[in-house]
Structures are given as C-alpha cells and as structure tokens.
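Peer 1: Pasting a structure here, questions to come.
The values are calculated or read from the model by the stated rules, or taken from the named source; none is laboratory data. Bear in mind that the values here come from a model prediction, so they are computed numbers and not experimental data. Neighbour counts run over all protein chains shown; Cβ positions are idealised from the backbone, glycine included. What goes into the accessible areas is simple: the full protein's heavy atoms, side chains included, and nothing from ligands, DNA or RNA. Shrake-Rupley method; radii C 1.70, N 1.55, O 1.52, S 1.80 Å.
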Amino acid sequence: MVQKLLGLWASSWRIQYVGLSEFINAANREGLAVGLWHEDFCIVAFSMKNHANRFAPLVSKSKDGDRAEYWLKELGYDCIRGSSSRGGQDAFVELQKRLKQKESVAITIDGPRGPRRIAKPGLFRLHNTVECGLWMIRTDAKGPRLPTWDQQFIPWPFSTVQITFHQCDLELTSLKTLQDWLDHLE
C-alpha cells in the first residue's frame, strides 16, 4: 500500500534531466560506476525507472535492504546485494563482473548508515580496479527532509525535480580526491 502511494506521489513530479543523454550514451558504450548520496536514492529510483535496465543498484543485506530490493525489482531494477558489514566481498566481485561486461552499477556512496555525504571507499576502489567511467547523480527539489541520518527528502507532489548527471573527468588518486570532487558538486 505504501509503495503504491509513493508511486502515485512520485508520478506527479515534473522531472527535468540535466546531462541524461550524455549519461545514456556513455552507458551504451561502457559500464559505468554510478554514485549517488543515500538521500537521493528514492528520487533517483523513481525518476530513472524507465532506464532501470541500464544499471544495477547495490542494496545492503538487511531488513531495510530486503524492502528496498522488493521495491526496486517492482520498478524493473536488477539488484546486487551486499554491504561493507555483510556480503561486501561477494558484492564487490559481482560489481566488477558487471562492469567488465559493460554493464553499469549504482552505489549509494555514503553507505547504508552514513555519515551523510561522506564517501565510503567502495566506489573509489571499484572505479580504480575496473578502470570504468564514474558518474554522480544529484537531485534538487522542494520538499521536507525526514529526521533520518541521511536527511532523506521527498519532493512535494507536483513539484519540479531536477536530476543532474555529473561525469568525473578527474584523475582520482585517493578517496580524498573523490570526496573533494563530490563536495565541489554541492
């Protein structure tokens, strides 16, 4: 019931994409490692459902992850399960495999527990191990923030939601260089 209500709510949004065609073209050429902040997860999942076959999201092995996987599969996504605390190595191997097969993967880079907007090493390691394209998806909209660690926000019904795709064209030599680039996007 909640999922249907959220789907109805999200269907009222007016989505404006910035950089979508470049992102899709890059995904058609090569596998991409796609990062997003945990707070943007719901908005990106709903707004990108027409492109769900283009990338597989990483979902934690937890009860929250079970619910997220069910919901994402309903939207058409093929999930990879694992996190730093459970099943991380197997998930990392699966992420690498998909990227080598020219598929794209998506990771909430501040992890399932935060801290908010602080990059964990997974995306950096993945990008450097497989040498794939790296993109960040950001959202912007008006709406309330939830009292959660990630300050998840849900845009108001009928509001304009901007989804922006950022290609990383820097040489990422450390997790700090990734974090600096991410901070620059704010």
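Peer 1: Excluding same-chain pairs closer than 8 in sequence, count the lysine pairs in region 1-80 whose Cα atoms lie under 18 Å apart.
Peer 2: 5
Peer 1: How far is it, in nm, from the label point at residue 183 to the one at residue 66 when both lie 7 Å from their Cα along the line to the Cβ?
Peer 2: 3.9
Peer 1: Using a 1.4 angstrom probe and counting only protein chains, how large is the accessible area of residue 108 in Å², to 10?
Peer 2: 30
Peer 1: Around residue 145, what is the net charge, scoring Lys/Arg as +1 and Asp/Glu as -1 over all other residues with Cβ under 14 Å from its Cβ?
Peer 2: Summing Lys and Arg as +1 and Asp and Glu as -1 gives -1.
Peer 1: Which of 181, 95, 141 sits farthest toward the positive end of the charge dipole of region 93-186, with +1 on the Cβ of Lys and Arg and -1 on the Cβ of Asp and Glu?
Peer 2: Farthest towards the positive end: 95.
Peer 1: Could you check the spin-label model distance between residue 49 and residue 97? Points 7 Å from the Cα along Cα→Cβ, value in nm.
Peer 2: About 2.9 nm separates the two model spin labels.
Peer 1: Just need log10 I(q)/I(0) for region 124-186 at q = 0.12, 0.22, 0.27 Å⁻¹, Debye formula, equal scatterers on the alpha-carbon atoms, no solvent, rounded to two decimals.
Peer 2: -0.43, -0.95, -1.13
Peer 1: State the extension gain, in nm to one decimal, for the chain segment bounded by residue 158 and residue 90, taking 0.36 nm per residue of separation less the distance between their alpha-carbons.
Peer 2: Residue separation times 0.36 nm, minus the Cα-Cα distance, leaves 20.4 nm.
Peer 1: On to the next question. Out of residues 5 or more away from residue 18 or on other chains, whose amide H comes under 5 Å of its own, with H placed 1.01 Å from N in the peptide plane?
Peer 2: 163, 164, 165
Peer 1: Another question, then. Taking Cα centroids, how far is region 78-121 from region 1-44 in Å?
Peer 2: 17
Peer 1: Then there's this: Placing +1 at every Lys and Arg Cβ and -1 at every Asp and Glu Cβ, with all other atoms neutral, what dipole size does the chain have around its Cα centre, in debye to the nearest 20?
Peer 2: Here the size comes out at about 480 debye.
Peer 1: May I ask you to derive the relative contact order of the chain, considering only C-alpha pairs under 8 Å and at least 6 residues apart, and to give it as an integer percent?
Peer 2: About 31 percent, as a whole number.
Peer 1: Okay, moving on. Search the structure for amide H atoms under 5 Å from the amide H of residue 104, placed 1.01 Å from N in the peptide plane, and list their residues when 5 or more places away or on another chain.
Peer 2: Amide H neighbours of residue 104: 32, 56.
Peer 1: Further question on the same structure: Please label the shape of region 1-136 as rounded, prolate or oblate, based on the square roots a ≥ b ≥ c of the eigenvalues of the alpha-carbon gyration tensor (a/c under 1.5 means rounded; beyond that, a/b larger than b/c means prolate, else oblate).
Peer 2: It is oblate, given that a/c is not under 1.5 and a/b is not larger than b/c.
Peer 1: Can I ask one more? Kindly sort 38, 184 by accessible area of their heavy atoms, largest first, with the probe set to 1.4 Å.
Peer 2: Largest accessible area first, the list is 184, 38.
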